[in-house]
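The values are calculated or read from the model by the stated rules, or taken from the named source; none is laboratory data. Just so it is clear, the structure is predicted and the values come from calculations on it, not from any experiment. Note: ideal-geometry Cβ built from the backbone for every residue, glycine included; neighbour counts use all protein chains shown. Protein only, heavy atoms only, side chains kept; ligands, DNA and RNA dropped before computing areas. Shrake-Rupley method; radii C 1.70, N 1.55, O 1.52, S 1.80 Å.
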Amino acid sequence: MFILTLLLAITLATSIIYLIIPLCRKNGETPAQIINNLCIVDNKSMVDIKKRQIVIRYLVILLFNYFFPILMYVKFSYFSTITIIISVIMICVTKNNIGPHDYLSQSVVILKRKNDVLEMLNSLKQN
């Protein structure tokens, strides 16, 4: 019963931070990204992230970084940090420094100033 309550609380908290707020923002930022002047863009086209990508990103974060370690704890009686280690290694090794949630949602986090420059360059290419 405690585990179900914990999973429900985590789902509610993470859905506010990683799903509801990003869906309400133009660039899909979480509160920490808003504070640090970052935004999330599509990895291929470097334009604003789509709502579908925000949902995929949220589900991967929720399942991979929260549910899996808790369920490992329930099954084996120790808290597994393997998912956090995998995320850190992916961020250090990949070309664009992206974690599993960005890789699966095909997004990347960039500085807003770079996004403004990219938008300007894209508009010049179209003209």
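Quick notes
- Some residue of region 22-38 being in a strand (DSSP E or B) and touching a residue at least 60 places away in the same chain (Cβ under 8 Å): yes
- Some residue of region 43-55 being among the hydrophobic types (A, V, I, L, M, F, W, C) and more than 14 Å from HIS101 (Cα to Cα): yes
- Cross-chain or 6+ apart pairs with Cβ under 7 Å, region 79-90 first and closer than 13 Å to PHE67 by Cβ, then at pLDDT 90 or above and open to solvent by less than 80 Å² (accessible area, probe 1.4 Å): THR83/PHE64
- Residue list for region 12-38, restricted to those being open to solvent by less than 40 Å² (accessible area, probe 1.4 Å) and among the hydroxyl-bearing types (Ser, Thr, Tyr): THR14, SER15, THR30
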